[in-house]
Structures are given as C-alpha cells and as structure tokens.
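Colleague: This is the structure I want to talk about, given as structure tokens.
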Amino acid sequence: DMMAAGLVYRKAAVVNWDPVDMTVLANEQVIDGRGWRSNALVERRELTQWFFRISDYSGELLEALDRLTNWPEKVRVMQANWIGKSRGLQFSFTTHDAPAGFDRLEVYTTRPDTLMGASFAAISPDHPLAKHLERHDPAIAAFVAECRRGGTSAEAMETAEKLGLDTGVRVLHPFDNSWTLPVYIANFVLMDFGTGAIFGCPAHDQRDFEFATRYALPILPVFVAEGGEETALTEAYVPMKSEPVRYLRGFAGAEVQTGEQAVAAAITACEAHGVGQGVTNYRLRDWGISRQRYWGCPIPVVHCDACGIVPENKENLPVELPYDVTLDIPGNPLDRHPTWRNCLCPKCGAPARRETDTMDTFMDSSWYYARFTAPHAKTPTDLAEAAYWMNVDQYIGGIEHAILHLLYSRFFARAMNATGHLPASAIEPFNALFTQGMVTHEIYKTTDHNGRPVYHLPEEILRSDTGATLKDGTKVDVIPSAKMSKSKKNVVDPMNIIGAFGADTARWFVMSDSPPERDVEWTASGAEATFKHLSRVWALSSRIGEMPADHAGLGDDDLARATARAIHEVTRGIETFAFNKAIAALYGFTNTLSRANASTGPMKEAIRTLVKLMSPMTPHLAEEIWTHQGGAGLCATAPWPLADAALLVDDSVTLPIQINGKRRAEINVPRDMAASEIEKIALANEDVVKFLAGQPVRKIIVVPGRIINVVV
RNA sequence: GCGGGUGUGGCGGAAUGGUAGACGCGACAGACUCAAAAUCUGUUUUCGCAAGAAGUGUCGGUUCGAGUCCGACCACCCGUACCA
C-alpha cells in the first residue's frame, strides 16, 4: 500500500558498511564489548537501498509540533532541530571547461547576500560531476577514494582537515561573466544536503575560510561590523543574522541591514534577475529502511527480469524468514539461501528473486500502537476500531527515543492515513508524552591478561568505603553510575530483587527515590530500607487488627484530618507522575498512624485508606492487609478514596513573622482572622518587640494564611 | 561549535515569589540484650557552649521578601554535528 501511495523508493546511497558485521554479530562477546569495535572496520560503500519519503512530510511534521502541547518542550525542540528548516537560494552556475552534460552546476546557499564574496565552488566527492571525472582522471579517482575512506566517527569528522582538489572545471559568477571561480572536490561537502555543491565565501564561513587559506584562494569581505572598516581577516566574520552590519559588497537592500533583511532582499533581487529561486530546504533526510541483516522483516518485493521490481501479492504476506540459516560466515544469510531467495514473479509467474534486504526494526515500533487497536483483524488495522481507540492518551518512554522512534511514528501515522489504514484524527498518534529516566548502577571492571576489560555483576563484588574487590580479594575499578547494560554487567536481575524482598519492594523503591523523569541509582541499601518500611506497615496492620472492638482513643479528629491530607497529597502525586512525592506522603501518613491512639473504628478505617493509597505501588501487600482488615472484595477494585475537602483546611494557622525579611517569631491565629487584627497581635508579640528595640515600623505586610513581614 | 538540561546537607531529593532542607538513605546517641543482629526512641545544613550568624554553583539586578523572576558568567550532563 505504501508503494502504491508513492511513499517508498529505491536509490543508490552511500552508507557506513561494516564488512565484519555479520561475523562479529554471531559472537555475542564481541558485539557486547562495544569498545572493541574500531572505526577502521567501517568503510563507506554505495549500496542500492530502500527509502521512505519522510522528507515529503518535513514541513508538516515541523509545523504540527506546535500542537503537541502535552509533549515535553525538550523533545519538540530536538525534533524541530532534527528536521532543520532553512530558507535560501538555489541557483546554477554556468560551467566552463566541463565535460559534456555538465554545463550547469546547481548550488544551494542560505547566504545569497554574500555572493559577491564568492571565491570558489565545491562539490561533494559523491556528486555526479565528481563521479564522472573520477572515471577519466586517476588523480581525481585517488582523491575521491581517499575521501570515502575517511573515518565516519564524530571525532574523525571533527579533526579531519578540509581537503580539496581542483577539478580544472571553472564556473562563471552569475553577476559577472568575466569572473570565473575554480571548482573543487571537497571532503566536507555532503551529497545529502542541498544539491551536493556549494559556493564558498571564505570571509563569512569558518569552514570556507580554512579551505581558502589552505589553497590560497581570495578572501573578500562582503560586510563589516556596523561602524567598522574593511581589514584583513584572521578568521571568518560570522555575526548573528539578526545583527545589523554594513555591506561593502552588497547587491540588494540597504547599506546597513541585518543578515536576515539582506538574505530576503538578495533572494528577491536574484529571482528578479533570473538567477535561481528562493527555496526552503530541510535537513531531514529520507528514512533508509534497508538492513543487510538476517533478523528484521523481509522487504516484500520480488525482482523479476521481465517485470522489474514487483510487490509480493497481499495474500502471500507476510514474507517469513527462513529458519535454516547459518550466521557464522560473513555476509547476508538470506543472500545465500537459494530455496528462500528463488521464487516466482507475482505478476508474470516467471522465476524471480526475493529482495534480501530486511527492514529496520523501527518499522515495527512505528505502528504497533495502531495494530493494538485491532489485534485479531485480518487487515493491518480496522478503521472503525482505530477511530474508536486512537490516540494513545499517554505515551511513556526514554528520552533516547526523542527523535528517531517518535518522529518515525508521527510519519508512519500520516502514511497510514494516506493508505487508508488510520483516520485523519490519528495522524498524531501520541497525545501526551512523558520521558522517564533510567535505572543506573556502578560498573565494576577488571582487566584480563590481554589487557581487555572484564566486567563483573554487582553480586560478585564486595563493596567497602575505600573501594571494591572480587570475593577472592582482586581489586576492582569502580566506574560511576551508568545506564544498566548487559555488556557492562552493571545490572541487577529483577528476579534476584524479587527473590530477596518481593515485587512490592522493587516497585516501591524504584519509584520512591527520584522523580521519574530523572535517572535512579539502584542501591542495595535502598531496597533493604524499603523492605523494612513495608514490614513496619504489616506490623502496624497486625497491631490495629488486634485492637479491641470497643477501644476508645483520643484524637479521632486529628486522624481524620491526617487521612484527608494523605489522600489529597498521594492522589495529586500520582496524577502528576510525582511518585516520589506520593510515597513521601505515604511515609508521613504511616508515621502518623503508627503514633495515633484513636478509637478502633477510625484506626481501621485509616489503615484501609492507607493500603488503598499504597496499592498502585505495592499491590500484593495492599490486598493482604485489605483482607486482613475486613475490606470487601479486592482492594484493587474498591473505589479510590476521596478527601473530605472540609478536613483539608485547618481552623487555625501558624504565621511566621519576619523583620526585614528574616524570620524572628511565629504566632498562631484563627484562619479567617482579619489582617488588621493579625497586625496588632504581631506587633505586640514579645519576640517582635524585643527585635524592634523601639525602632519605628515603616511598613507591615500581612499575607493572609502565609506570612507577616515587618519593615523597619 | 550548535541545541537542550541540571547545579539545594555526607547521599537521593522537597519547597503556588512567603518559615530552605519535607520524606527517605546514611551516620551518631540512647533503650532492649550477657552480647550482637533485629526492633524501638531521639539527634543530624555549617560555625557557635549559647545568644546568634552564614547558607540553595559565581557575580549583579527586581522585590517588603528570591532556591524560585531578570542579566552576565562558571561547572557538569544529554543530544547532535563539516547542513553550505
């Protein structure tokens, strides 16, 4: 369906290729020791791959971010930056001394206002012109090959020198046909952005500046700081686009104007003179979904000599992977599996071959929520069910999915709408997003005789204040807390925690310590402390259970107030995802209850409320005590308690008294006492009189129910 | 470099512009015990015997009042990158 909707295409693209990928992946030890993989293993290769046209939706995906008001600002900003909208000019140079078929060179720039500072043009090593030239010129072929070998890691890119090679081709300046610029192949120009070709303005781009300096190209300033004069530059002058500057070599707009004004004026002027047109460009690239891996869903197309690329018939879907494969030799196992690979063309019936690329696993996570609305349907979704159940009210996930998964899902929902699988109301699949933190732990590392790192599980470690050792006394390096990961062995198996303390303890502890959007450090002592607390609750329940039915105590009223407050605070905490605050309120209420000496009825009522409030965190203990205290049915199905609003407000309040902003005394007054009355009491207060020491009061501020500030 | 975030006790962390440090951990003291563990009761921001003083990364500002708002800076964390 997506092919029919024109959302899928195939193209040759340069990708990072790890020639030993297949072999290393067969050996878990090597995959896991991620640090072992050196970038030298990765090379850049051109492969024909499958793509989704997510870039067709760049503008739409960007604009719709504003409507996701229940998403964190952070995630929306990350997506906006990732989509990366820019406004600029696309135009073509007329070439000179270029091979046949290359009489124009198309470039894109966001700074057309600097055209008069142009000193060279540069193309990507992957640009069609570069590819043409490399076939005829060994020096160019060698240089292009060198560029492709370059490291692809962040560090390699950052430290890479700006390298270029003059192609001998020249272009004419669009405003002056007697002005020619050399065309270089440059290693820093990317084929994937814009047109894969640029013009260089060294005076106002640091990258171009370095390049021009290296190859002795002219550096011609187009503008100077407002009030400044033209001087020789030691680095590129790149002020904010919102800053006004004075143009020495402008061609449109005022002499003094901001970069933004100049860019707009330059686009208008260029369009008027037939030099290119203003275009909006996006950084977002199409989504490459091809993987040369065994796992992943096969891409359901067939290659037929007669018919070309043909989608597999719907009745034959899904195309399933073969099980009899070997992973211990390099290469794609699907490629060398003839009985799976060979098939018949769905269109003409002639012998044909299956596509051996599999799909990126992000494919599956991009629409599972939609499938969940009709899990048994014979079609991918059922429109009526999808219309009923969509959207997801609250999505919870790690921040690591801020860009890829969450952007792909937004695209996929739109694509599924285009193919008739989702209603238009579901194009933004997640109404609200919450990004939770991770559970972290220290990492324990030793080194083997080959100098390779060996990691150890927390339960193999003896920890002391001074350091850590293995049980045999070997000293262990302790690396500060990091996301739990099997490869680093800094994991605590949930089964061990549950075995030692029970599931309730595990749940309570993980929620109690930190707000959920932050990481939480797993500590053994924290889990033990939780276990002790839950044991205290159980002991308290036993004590209350044994109270005589006719016990008459004191403070029934206070207990009712404390109960109302606990209901209020715990409920608010849970509703705002502030589980740590909800649990703090539960600790407080438990302490109050264990100290209370109220009558039997109110005590039993209070502990039933306590366990109901605890039940989301500790369901097992809650049910046990619920039954024990005579609760009807299941605690989990009993109605959530409601706080009596009248009990939430106290009759009297304690007001601190500040003198010049420093707390000096406090008074207790009826809640609804008039401000003028409070003033009198405050000024008569013994401590206040002492601190004032007879100084005249200049001003007195009474904030009812809050504070009193006396200014002298 | 760019974008985002975070800085509060020994630690995790609370505080609609209104008593900074709730709650928990840890530590210390006491009770119980022949003893220890467990349990219970206290204390626990720093300096000070106290009265008191200082204190939320740094410097400034707004305000009767700032952890909170504004400006500049510092440190750390996350993301991302030769984007023309």
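Colleague: Just to verify a number: FRET efficiency for A:D364 and A:D472, C-beta to C-beta distance, R0 = 51 Å, to 0.05?
Modeller: Details: r = 45 Å, r/R0 = 0.88.
That gives a FRET efficiency of 0.70.
Colleague: Calculate, for A:R214 and A:T576, the FRET efficiency according to 1/(1 + (r/R0)^6) with r their C-beta to C-beta distance and R0 35 Å; round to the nearest 0.05.
Modeller: After rounding to 0.05, the efficiency reads 0.05.
Colleague: Of all accessible surface on chain A at a 1.4 Å probe, what whole percent is carbon and sulfur?
Modeller: 53
Colleague: Check every DSSP H run in chain A and write down those whose alpha carbon atoms cover 20 angstrom or more along the long axis and whose mean Kyte-Doolittle hydropathy is -0.5 or greater.
Modeller: Span-like helices in chain A: A:404-418, A:524-545, A:579-595, A:600-614.
Colleague: Would you please classify the overall shape of the range A:441-559 from the alpha carbon gyration tensor, given that a ≥ b ≥ c denote the square roots of the eigenvalues, rounded means a/c under 1.5, and beyond that prolate means a/b larger than b/c while oblate covers the rest?
Modeller: Numbers: a/c = 3.54, a/b = 2.84, b/c = 1.25.
Prolate, because a/c is 1.5 or more and a/b exceeds b/c.
Colleague: Can I ask one more? Only residues of the range A:351-365 count here: report those whose backbone N is under 12 Å from the spot 7 Å along Cα→Cβ of A:H303, or say none.
Modeller: A:352-357
Colleague: What is the gain in length, in nm to one decimal, between A:E679 and A:V238 on full extension, counting 0.36 nm per residue of separation less the C-alpha to C-alpha distance?
Modeller: 152.7 nm
Colleague: Given A:P244, A:W295, A:A272, which one lies farthest toward the positive end of the charge dipole of the range A:233-315, if we put +1 on the Cβ of every Lys and Arg and -1 on the Cβ of every Asp and Glu?
Modeller: Towards the positive end, the residue furthest out is A:W295.
Colleague: Compute the separation of the alpha-carbon centres of the range A:364-419 and the range A:176-221 and state it in Å as a whole number.
Modeller: After rounding, the separation between the Cα centres reads 45 Å.
Colleague: Follow-up question, since we're still on this one. Hey, what did chain A get for relative contact order, percent, Cα under 8 Å, at least 6 apart?
Modeller: Here the relative contact order equals 9 percent.
Colleague: Skip the ligands, DNA and RNA, and give the accessible area per residue of chain A with a 1.4 Å probe, whole Å².
Modeller: Counting only protein heavy atoms, the per-residue value for chain A is 52 Å².
Colleague: At 7 Å along Cα-to-Cβ for each site, give me the label-to-label distance between A:A638 and A:R543 in nm.
Modeller: So the two model labels end up 2.0 nm from each other.
Colleague: Hey, can you rank A:419-429, A:697-707, A:113-123 by average C-beta count inside 10 Å, highest first?
Modeller: A:113-123, A:419-429, A:697-707
Colleague: Next up: DSSP loop (so not H, G, I, E, B), at most 16 other Cβ within 10 Å: list which GluC sites (Glu not before Pro) in the range A:230-325 pass both filters.
Modeller: Sites meeting the loop and neighbour criteria: A:E230, A:E235, A:E255, A:E320.
Colleague: Starting from the Cα of A:N668, step 7 Å along the direction of its Cβ; do the same at A:I399; then give the gap between the two resulting points in nm.
Modeller: That separation, rounded to one decimal, is 4.5 nm.
Colleague: Excluding same-chain residues fewer than 8 positions from A:K131, which aspartates and glutamates have a Cα within less than 20 Å of its Cα?
Modeller: Of all the aspartates and glutamates, those that pass the test against A:K131 - Cα under 20 Å, at least 8 places apart if same chain - are A:E43, A:E46, A:D97, A:D103, A:E106, A:E146, A:D166, A:D192.
Colleague: What is the dipole size for chain A, taken about its Cα centre, with +1 at each Lys and Arg Cβ and -1 at each Asp and Glu Cβ, in debye to the nearest 20?
Modeller: So the dipole magnitude of chain A works out to roughly 380 debye.
Colleague: Once you have the Cα-Cα distance between A:L554 and A:W82, take 0.36 nm times their residue separation minus that, and quote the gain in nm to one decimal.
Modeller: 163.6 nm
Colleague: Could I ask something else about it? For A:T231 and A:E146, FRET efficiency with R0 = 30 Å and r from the beta-carbon atoms, rounded to 0.05? Intermediate values should be presented prior to the final figure.
Modeller: On the way: r = 36 Å, r/R0 = 1.21.
About 0.25, to the nearest 0.05.
Colleague: At 7 Å along the Cα-to-beta-carbon direction for both A:L172 and A:D687, put a label point, then send me their distance in nm to one decimal.
Modeller: 8.9
Colleague: What is the dipole size for the range A:655-712, taken about its Cα centre, with +1 at each Lys and Arg Cβ and -1 at each Asp and Glu Cβ, in debye to the nearest 20? Don't skip to the end; give the middle numbers.
Modeller: Numbers: 9 positive and 6 negative charges, 54 e Å.
Computed about the Cα centre, the dipole is about 260 debye.
Colleague: Which entries of A:K74/A:K483; A:K532/A:K604; A:K11/A:K85; A:K378/A:K483 show an alpha-carbon separation above 28 angstrom in the structure shown?
Modeller: A:K378/A:K483, as the Cα separations exceed 28 Å there.
Colleague: Which of the lysines could a cross-linker span from A:K471 if the Cα-Cα distance has to be under 20 Å and same-chain partners fewer than 8 positions apart are dropped?
Modeller: A:K471 reaches A:K445, A:K488, A:K489.
Colleague: Could you tell me which of rounded, prolate or oblate describes the range A:319-369, using a ≥ b ≥ c as the square roots of the eigenvalues of the alpha-carbon gyration tensor, with rounded for a/c under 1.5 and, failing that, prolate when a/b is larger than b/c and oblate otherwise?
Modeller: Oblate, because a/c is 1.5 or more while a/b does not exceed b/c.
Colleague: For chain A, what does the helix formula give at 222 nm: sum of -39500 (n - 2.57) over DSSP H segments with n ≥ 4, over the residue count, nearest 500 deg cm²/dmol?
Modeller: Computed mean residue ellipticity for chain A: -9500 deg cm²/dmol.
Colleague: Please work out how much length the chain gains when fully extended from A:A524 to A:A100, using 0.36 nm per residue of separation minus the C-alpha to C-alpha distance, in nm with one decimal.
Modeller: Extra length available between A:A524 and A:A100 comes to 145.4 nm.
Colleague: Now for a different question. Under 29 Å from the Cα of A:K699, which lysines turn up, not counting those fewer than eight places away in the same chain?
Modeller: Within the straight-line limit of under 29 Å, A:K699 reaches these lysines: A:K662, A:K680, A:K690.
The values are calculated or read from the model by the stated rules, or taken from the named source; none is laboratory data. None of the values given here were measured: they were computed from a predicted structure. Cβ sites come from the backbone with ideal geometry, for glycine too, and all protein chains shown count toward neighbours. Only protein heavy atoms, including side chains, enter the accessible area calculation; ligands, DNA and RNA are left aside. Shrake-Rupley method; radii C 1.70, N 1.55, O 1.52, S 1.80 Å.
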